[in-house]
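Input: a single structure, listed below in structure tokens.
The values are calculated or read from the model by the stated rules, or taken from the named source; none is laboratory data. What you see is a predicted model; the values in this text were computed from it and never measured. Glycine gets a Cβ as well: all are built from the backbone with ideal geometry, and neighbour counts include every protein chain shown.
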Amino acid sequence: MMGFGTYGNLLPMKKKGGRGYDVPEGVDIRGRYDEEFAKILTKDALQFVVDLQREFRNHVNYAMECRKEAKRRYNQGALPGFDPATRNIREGVWTCAPVPPAVADRRVEITGPVERKMIINALNSGAKVFMADFEDALSPSWENLMRGQVNLKDAVDGTISFHDKARNRDYKLNDQIAKLFVRPRGWHLPEAHILIDGEPATGCLVDFGLYFYHNYAKFRQNQGAGFGPFFYLPKMEHSREAKIWNNVFERAEKMAGIERGSIRATVLIETLPAVFQMDEILYELRDHSVGLNCGRWDYIFSYVKTFQAHPDRLLPDRFQVGMTQHFMRSYSELLIRTCHRRGVHAMGGMAAQIPIRDDPAANEAALDLVRKDKLREVKAGHDGTWAAHPGLISVCMEVFTNNMGNAPNQIQNVKREDAAALTEEDLLQRPRGVRTMEGLRLNTRVGIQYLAAWLTGSGSVPLYNLMEDAATAEISRVQNWQWLKYEVELDGDGLGVKVTKELFGRVVEEEMTRIESELELCEVDLLHCLSQLIHPFPYNLLQRHDDDLCLECKRKERRKGRNSGSVLDNTRVIAVQFIYNAVQFIYRSKSLQRLFLLSASLFDFPNSPFLSFISLRTTETPTSYNPTALSPFSFLFLFFSLIFPNSPFLSLLENTGAGRKGLIYATNQDLSRQTFNEEEAVHSITQDYYSIKTKIIKQKPLPGETHSISSSPLEPPRRRSELALTHPTSRLK
Ligand SMILES: CC(=O)SCCNC(=O)CCNC(=O)[C@H](O)C(C)(C)COP(=O)(O)OP(=O)(O)OC[C@H]1O[C@@H](n2cnc3c(N)ncnc32)[C@H](O)[C@@H]1OP(=O)(O)O
Ligand SMILES: O=CC(=O)O
């Protein structure tokens, strides 16, 4: 994980700015200078990005305007649907270019952020494909984005390695590795660290351009058997956006002097409007396509976003919106039919379960949910599927292999002509289910913790034994937004209770308390981990504490409770405890919190897709974020933080306070990820947005609580006994 511990290098950034890099005319780099990054941000590579930007920016701007126009129509009551103007494409007989042999078999694909160790683990995982993610699994700090490029270049070169200091373990590539696909960001996200002609570059052109420029030759030789590089393309809403990608690919092929159709991409169908454009999208990309993928989590998010002005289409609890809902099943079946008719892969979606290492029964239950989900996919006709964790590869592989036989895919064998009968009504059918207080609470808890992690540099995290990334956490955010906007009346325990701002504010406070109690369990682990890091003094990353404890130790620690335990009885640990307490003391200071947010917003997050709330252009309470209101002590702190790049002080400032504020703010904003009206920031919900609680670490269920919240889009949720204990209305009095 790469966090804000890198702040220390920000002083050099101030001095050098873009001047540290040798840039072409019209380019200004705002991110900090780093020698490793300079090998990626070469003048020639930047020139390629600049050329793409200049050639395509008007097309991108136009496409974004069209999105706004469509949104206006949906907000006035229109529904998305098939476009009569492109009927000939949908009904015409045509196919995409043949699938390259290197990626004919994609039965299991693993995904993950472009972190060094995870790239190696994913490529070695036994999956057929690894999708390296600059998008939902990555928090888009300058550090993460640029390190990601460095890591991918080493991976394609075959030289990538990693030494895990805490475990004294070396990582390198196996002989057999997965095929690499790269997912750049969506068209709508700017890259604010790189200005081209005075404007932020288009994020995906930076991701694509730098990666392509440095890797196309080696990739085609080492990975693609003459084809490639390969990409996943996210968040498109219309085929005109696919057409821009197609033109970008042709431009890149021309620059590289490689054959047209070398680059191949799979498009994620993960917005509601795009489901009505699947043929059109494939048609635009027909020389460069290797299929479509059911990006089901974002698809659910998009349902809320598209219908934000349709109170008759509110979602039930997040975990009830699964693949057995009619609109979800219809989407997956139509995707399979469309892809197979056009001769390309129909990829399945992500199961959010991850292995549960300290509870075999819960682990088996989680694996069983994955198995059922994958079985549904393969039987429906999907050619492959996604897994979030290496521990799930064998389960998914077994299901697909047992049901696909020896064929590398089902493109020719399962045509799903029955899906031709699916109508607009099928694809839009209202989801069924209930809206509960439990759902509201869970969304709140997940939202707070995900945003806190995201702010501190982690775009995918394990929460309550599930993978959470920007797509899944986004569902939590928009669902709360929707329920609040329409003041829905809750079902179940919350029967008759309306989701008002007051209720939401109280839920936030209560969930903060709960998170705090969960985190107290983790503090013992943190201390233990610190003890291992004290020598040398812990200017080091503290995040990976949990894995370093053996399971028995963890159980013992938890039984004994906070700040006790036999593993904490030596001098080193007492020293650590002293430092830890000192840090905690500082850490709870409000001015420091403000300083943290201030530095974060100044230096590392101009890119934020939905968290621009931490920017300084705030209309919030007069003292917050006002640099002149900070105490001299804060400045001293900033000074020390800058001197010590990986200061544990900064690591510890990973905070739920920021996450809470983020959730409150984001919940009250326009649902578009592109813009925020800061005027609308709501002050009335909680008295204190900034109270920092403690470091976000891996969340484990509380003792006595069942481990399995069903996360599969297949199964209905189970009760969480813990939450059912108190009637929500009495808790809120
Ligand atoms: C909806 C969508 O957009 S899905 C696509 C975007 N989302 C993703 O890609 C999420 C991918 N998954 C992940 O990021 C991770 O699995 C998480 C954050 C959920 C959990 O990660 P961890 O907490 O590290 O899991 P855990 O501790 O069990 O990991 C065990 C080992 O597996 C590795 N690992 C876990 N997930 C992955 C992965 N996706 N790829 C490669 N390696 C992985 C870890 O690095 C660790 O390696 P080590 O033993 O050598 O140290
Ligand atoms: O990107 C994938 C999704 O499910 O969302």
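Miscellaneous remarks
- Residues that are more than 13 Å from ligand 2 (Cβ to nearest atom), outside any strand (DSSP E or B) and more than 16 Å from F319 (Cα to Cα) within region 454-481 comprise W454, L455, T456, G457, S458, W481, listed in sequence order.
- R296 being at negative phi and either within 21 Å of the chain's Cα centre (by Cα) or within 16 Å of ligand 2 (Cβ to nearest atom) (or both): yes
- Of the listed requirements (1) surrounded by 24 or more Cβ atoms within 10 Å (Cβ to Cβ); (2) at pLDDT 85 or above; (3) within 16 Å of ligand 1 (Cβ to nearest atom), T456 misses just one: (2).
- L442 being of a type in the set (A, V, I, L, M, F, W, C), away from ligand 1 (no atom under 16 Å from the Cβ) and touching a residue at least 60 places away in the same chain (Cβ under 8 Å): yes
- Residue satisfying condition, being aromatic (F, W, Y), away from ligand 2 (no atom under 16 Å from the Cβ), closer than 22 Å to K243 by Cβ and in contact (Cβ under 8 Å) with a residue 12 or more places away in the chain, within set F208, F134: F208
- Matching option when the condition is assigned by TED's automatic domain parsing to the domain that holds P98 and within 30 Å of V395 (Cα to Cα), among H188, H214, H163, H193: H163
- When the test is whether a residue is modelled with pLDDT under 85, outside any loop (DSSP other than H, G, I, E, B) and not hydroxyl-bearing (S, T, Y), M512 passes it.
- Residue within region 278-285 that is within 16 Å of ligand 1 (Cβ to nearest atom), at pLDDT 95 or above and either farther than 28 Å from D44 by Cβ or assigned by TED's automatic domain parsing to the domain that holds R57 (or both) present: no
- Candidates L335, L369, filtered to the one that is more than 30 Å from P98 (Cα to Cα) and either in the same structural domain as F230 (by TED's automatic domain parsing) or touching a His at 6+ places or on another chain (Cβ under 7 Å) (or both): L369
Residues are listed down the side, and each one gets a yes or a no for (1) surrounded by fewer than 13 Cβ atoms within 10 Å (Cβ to Cβ); (2) out of contact with any Gly (no Cβ under 6 Å at 6 or more places or on another chain); (3) among the polar types (S, T, N, Q):
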| position | (1), (2), (3) |
| --- | --- |
| A38 | no, yes, no |
| L46 | no, yes, no |
| E69 | yes, yes, no |
| N88 | yes, yes, yes |
| W94 | yes, yes, no |
| P98 | yes, yes, no |
| D105 | no, yes, no |
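- Y232 modelled with pLDDT of 95 or more, part of a helix (DSSP H, G or I), in the same structural domain as Q47 (by TED's automatic domain parsing) and within 16 Å of ligand 1 (Cβ to nearest atom): no
- Which numbered condition M323 fails, given (1) surrounded by fewer than 24 Cβ atoms within 10 Å (Cβ to Cβ); (2) under 18 Å from E424 (Cβ atoms): (2)
- Residue within region 242-256 that is within 16 Å of ligand 1 (Cβ to nearest atom) and in contact (Cβ under 8 Å) with a residue 60 or more places away in the chain present: no
- Annotation: of all residues in region 2-26 being crowded, with 21+ Cβ neighbours inside 10 Å and either within 30 Å of W245 (Cα to Cα) or not hydrophobic (A, V, I, L, M, F, W, C) (or both), the one that is modelled with the highest pLDDT is Y21.
- Verdict on L314 being modelled with pLDDT under 95, farther than 19 Å from P98 by Cβ and either surrounded by fewer than 22 Cβ atoms within 10 Å (Cβ to Cβ) or away from ligand 2 (no atom under 16 Å from the Cβ) (or both): yes
- A single member of A420, A453 is more than 19 Å from the chain's Cα centre (by Cα) and over 20 Å from S302 (Cα atoms), and it is A420.
- Unique match (being touching a Leu at 6+ places or on another chain (Cβ under 9 Å) and either among the hydroxyl-bearing types (S, T, Y) or in a helix (DSSP H, G or I) (or both)) among N293, N246: N246
- Exclusive hit being at pLDDT 90 or above and over 29 Å from A132 (Cα atoms), set E425, E468: E425
- Candidate set from region 490-502 (those that are within 13 Å of E438 (Cα to Cα) and at pLDDT 85 or above); member that is farthest from the chain's Cα centre (by Cα): V497
- For R260, the conditions (1) farther than 21 Å from E109 by Cα; (2) buried (at least 21 other Cβ atoms within 10 Å of the Cβ) all hold with the exception of (2).
- Summed over region 423-450, the residues that are over 16 Å from the mean Cα position of the chain (by Cα), under 21 Å from Q482 (Cβ atoms) and among the β-branched types (V, I, T) give a count of 3.
Matching residues to (1) under 30 Å from G492 (Cβ atoms); (2) of a type in the set (S, T, N, Q); (3) within 16 Å of ligand 2 (Cβ to nearest atom):
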site: V344; (1), (2), (3): no, no, no
site: A362; (1), (2), (3): yes, no, no
site: A366; (1), (2), (3): yes, no, no
site: V370; (1), (2), (3): yes, no, yes
site: G391; (1), (2), (3): no, no, no
site: S394; (1), (2), (3): no, yes, no
site: N402; (1), (2), (3): no, yes, no
site: G405; (1), (2), (3): no, no, no
site: E417; (1), (2), (3): no, no, no
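- Every listed requirement among (1) assigned to a helix (DSSP H, G or I); (2) touching a helix residue (DSSP H, G or I) at 6+ places or on another chain (Cβ under 8 Å); (3) within 13 Å of ligand 1 (Cβ to nearest atom) is met by N363 save one, (2).
- A365 passes every criterion in (1) among the aliphatic types (A, V, I, L, M); (2) farther than 26 Å from Q412 by Cβ; (3) crowded, with 21+ Cβ neighbours inside 10 Å apart from (3).
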